[in-house]
1. In region 188-220, what count of residues is obtained for those that are open to solvent by 10 Å² or more (accessible area, probe 1.4 Å) and over 22 Å from Gly163 (Cα atoms)?
2. Is one or more of the residues making up region 113-125 part of a helix (DSSP H, G or I), charged (D, E, K, R) and at pLDDT below 85?
3. Only one of (1) modelled with pLDDT of 90 or more; (2) in contact with a Lys or Arg (Cβ under 7 Å, 6 or more places away or on another chain) is not met by Glu224, so which one is it?
4. Taking only region 50-62 into account, find how many residues are polar (S, T, N, Q) and either without any contact (Cβ under 8 Å) to a residue 24 or more places away in the chain or over 20 Å from Leu20 (Cβ atoms) (or both).
5. State all residues of region 179-224 that are within 19 Å of Glu169 (Cβ to Cβ) and not in a helix (DSSP H, G or I); if no residue qualifies, say none.
6. Between a residue in region 21-49 that is without any contact (Cβ under 8 Å) to a residue 24 or more places away in the chain and any residue that is open to solvent by 100 Å² or more (accessible area, probe 1.4 Å) and in a strand (DSSP E or B), which pairs come within a Cβ distance under 7 Å, given they are 6 or more apart or on different chains?
7. Got a sec? Which of Thr201, Thr238 is of a type in the set (Ser, Thr, Tyr) and in contact with a Ser or Thr (Cβ under 7 Å, 6 or more places away or on another chain)?
8. When the residues of region 18-40 are filtered to those that are open to solvent by 90 Å² or more (accessible area, probe 1.4 Å) and assigned to a strand (DSSP E or B), which remaining residue is farthest from Leu68 (Cα to Cα)?
Amino acid sequence: KVIRPKDSGSDDDDDDDDDLPTTGFYVIECLGKNRIIVNGQKVKQGETALLRHGSAILLASFSLYFLLPNVDGLQEDGENKDGGGGGVKPTTMQVPNPSYEEYQRKRMLNSGGGQSSSLSSAKRHKTKEIADDVSISSKASSLTAQSTTTAATSTAPTPQLKGFAGLVEELNTLPVRTLLKRMTTAINNDEWERKHQMLGTAIAQHAVRDAAKTRFIRNIAAQEGGVARAEIMKWISTSKMYAEWSAQMKSKMEIKSYQSSIGKALLKAGFVRTGTTGRHVRWTLPADISTEDEDEEEE
């Protein structure tokens with residue numbers, strides 16, 4: 001089945017194979033599931049479209065034009081006027097490219113000759129001289145006003161941080177139960193964005209510090225000279241406060257990413273890493289957590 005595109009030079013819209021050039025013609029066949037477009041007409045898988053000189057072809061993101069040699073010796077239907085091959089010569093088509101033309105225009109403006117550059121340089125030099133005069137005259141007045149403004153600026157409030165830095169500052173000031181409620185709300189609403197990952201990081205720091213307060217972790221640290229990350233994670237996963245949060249994090253992150261987040265939380269919480277790699281790595285408990293801070297919640 002050969003499709004004759006509407007803009008290919010034929011006024012009929014039927015797909016009859018009988019009305020085709022008798023001395024040979026060019027076609028394009030769609031072999032894949034992604035359709036192609038010839039002169040604005042869709043060609044689906046298994047279909048074939050007749051090509052004329054200048055036919056526009058769209059293949060995925062590629063735009064092409066089908067050009068025939070020796071166009072002067074062709075009839076309107078694409079056949080040779082003399083019935084033979086004729087003198088074959090290359091054919092070109094001028095295709096407009098607005099983006100490239102705009103690029104060339106800006107390039108010419110940016111490199112607009114030595115005279116304009118020298119004039120602009122002189123203007124900049126003159127402007128600099130005027131600015132220097134103004135700055136010298138303003139220094140005296142600024143020095144007199146400096147003493148009166150120093151006290152005011154020293155008492156001015158520190159501007160609040162914005163963006164992710166401000167979010168981190170806010171999370172560090174909130175109690176852990178508030179953070180856990182926010183995490184549960186986000187999970188229930190199927191939300192998981194960058195801010196929720198930062199929320200999980202803030203909770204992780206509370207979790208590892210609370211783990212260091214328990215008798216279970218302290219006994220391991222005393223006997224082994226430190227605790228392993230896996231032992232901290234075990235306590236978190238069985239803790240009444242953090243078990244649900246641990247499951248939530250594992251449902252949104254790869255296990256290796258979750259392990260990495262706990263390792264970073266240990267560093268930020270004041271744990272000190274000892275050993276080399278693998279099973280030999282252990283963590284000493286933060287020095288600012290004493291036995292008086294012991295949490296009675298067990299695993």
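1. The total comes to 12.
2. Looking only at region 113-125, we keep the residues that are part of a helix (DSSP H, G or I), and these are 114-125.
Remaining after also requiring charged (D, E, K, R): 123-124.
Checking the rest, the ones that are also at pLDDT below 85 come to 123-124.
Among the residues of region 113-125, at least one is part of a helix (DSSP H, G or I), charged (D, E, K, R) and at pLDDT below 85, which makes the answer yes.
3. (1)
4. First, the residues of region 50-62 that are polar (S, T, N, Q): 55, 61.
Within this subset, residues satisfying the condition of being either without any contact (Cβ under 8 Å) to a residue 24 or more places away in the chain or over 20 Å from Leu20 (Cβ atoms) (or both) are 61.
Total satisfying the criteria: 1.
5. Glu193 - this is the single residue of region 179-224 that is within 19 Å of Glu169 (Cβ to Cβ) and not in a helix (DSSP H, G or I).
6. Arg35/Lys42
7. On the way: Thr238 fails: in contact with a Ser or Thr (Cβ under 7 Å, 6 or more places away or on another chain).
Exactly one of Thr201, Thr238 is of a type in the set (Ser, Thr, Tyr) and in contact with a Ser or Thr (Cβ under 7 Å, 6 or more places away or on another chain), namely Thr201.
8. Result: Glu29.
The values are calculated or read from the model by the stated rules, or taken from the named source; none is laboratory data. Just so it is clear, the model here is predicted, and its values are computed rather than measured. We place every Cβ from the backbone using ideal geometry, glycine too, and count neighbours over all the protein chains shown. Side chains included, ligands, DNA and RNA excluded: accessible areas come from the protein's heavy atoms. Shrake-Rupley method; radii C 1.70, N 1.55, O 1.52, S 1.80 Å.
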